[in-house]
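Undergrad: Dumping the structure here so I can ask a few things about it.
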Amino acid sequence: MYAYEGSILENKAAQYEEVQEFLEQFGFVVGGGWEVDHGYFDKKLDAEPGYLYLRIPAFVERGSFGDPNAILRLGRPFLLRHKYQLANDDRVDVSVVNASINQFAEPQDPDASLRADEIEAGRTILARVEEAYRHQFGD
C-alpha cells in the first residue's frame with residue numbers, strides 16, 4: 001500500500017451523490033466491502049499480477065453510505081495491490097454455513113509490493129482528479 005500524503009481530497013466533505021458522480025467521470029466505482037459508516041471509491045489500474053487500485057476512502061458524517069444525501073468526508077487516497085491465489089485455498093473449512101459466507105480464496109498477498117512506475121501512474125491520475133475537484137468544488 002502507498003498513501004498519497006498531501007492530497008487536497010483528504011478531509012473534504014460533500015454529499016454522497018456529488019462525490020460518486022464526480023469520481024465516476026474518472027472511472028471510479030464504489031468498491032466492495034462498504035459498510036453503513038464508510039466505503040471506498042476504487043479505480044482499477046491493472047489486473048496483472050493481482051489487482052492494482054487507486055482507492056479513495058470515504059467516511060460517513062451524516063446518513064448512511066449509499067444514501068444520495070449522506071455527507072461524506074474523504075480520506076487519504078492510496079494505491080493498493082491485491083494478489084490472489086490462482087489455486088484453491090488450502091485453508092478451507094468445509095461446512096454449509098461457512099461455505100455460504102466465505103466463498104472466495106484468501107489473497108496470496110493482500111499488500112503486494114508496488115513498483116515506482118505504478119506509484120507514479122496513480123499519482124498522475126490523482127493529480128487529474130484533484131485539478132478537476134478544484135474546478136468543480138473549489139479548494
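The values are calculated or read from the model by the stated rules, or taken from the named source; none is laboratory data. For clarity, every value in this text was computed on a predicted model and none was experimentally measured. Note that we place each Cβ from the backbone using ideal geometry, even for glycine, and neighbour counts take in every protein chain shown.
Undergrad: Collect the residues in segment 31-64 that are touching a Gly at 6+ places or on another chain (Cβ under 6 Å) and touching a residue at least 24 places away in the same chain (Cβ under 8 Å), keeping them in residue-number order.
TA: Lys43, Leu54, Ala58
Undergrad: Could you list, in sequence order, the residues of segment 38-73 that are closer than 30 Å to Ser113 by Cα and exposed (fewer than 13 other Cβ atoms within 10 Å of the Cβ)?
TA: Asp46, Ala47, Glu48
Undergrad: Mind counting the residues in segment 21-73 that are more than 11 Å from the chain's Cα centre (by Cα) and among the basic types (Lys, Arg)?
TA: Total satisfying the criteria: 2.
Undergrad: Considering only residues that are surrounded by fewer than 16 Cβ atoms within 10 Å (Cβ to Cβ) and acidic (Asp, Glu), look in segment 1-32 and name the one that is nearest to Ile119 (Cα to Cα).
TA: Per the stated criteria, the residue is Glu5.
Undergrad: Val129: among the aliphatic types (A, V, I, L, M) and either closer than 18 Å to Asn11 by Cβ or modelled with pLDDT of 95 or more (or both), yes or no? Steps first, please.
TA: Numbers: among the aliphatic types (A, V, I, L, M): yes; either closer than 18 Å to Asn11 by Cβ or modelled with pLDDT of 95 or more (or both): yes.
Here the answer is yes, as Val129 does meet what is asked.
Undergrad: Next up: Give the residues of segment 51-73 that are farther than 23 Å from Ala3 by Cα and aromatic (Phe, Trp, Tyr), sorted by residue number.
TA: Within segment 51-73, no residue meets the criteria.
Undergrad: Let me ask another. Suppose the filter is among the polar types (S, T, N, Q) and more than 21 Å from Arg123 (Cβ to Cβ); does Asn69 pass it?
TA: On the way: among the polar types (S, T, N, Q): yes; more than 21 Å from Arg123 (Cβ to Cβ): yes.
In short, yes.
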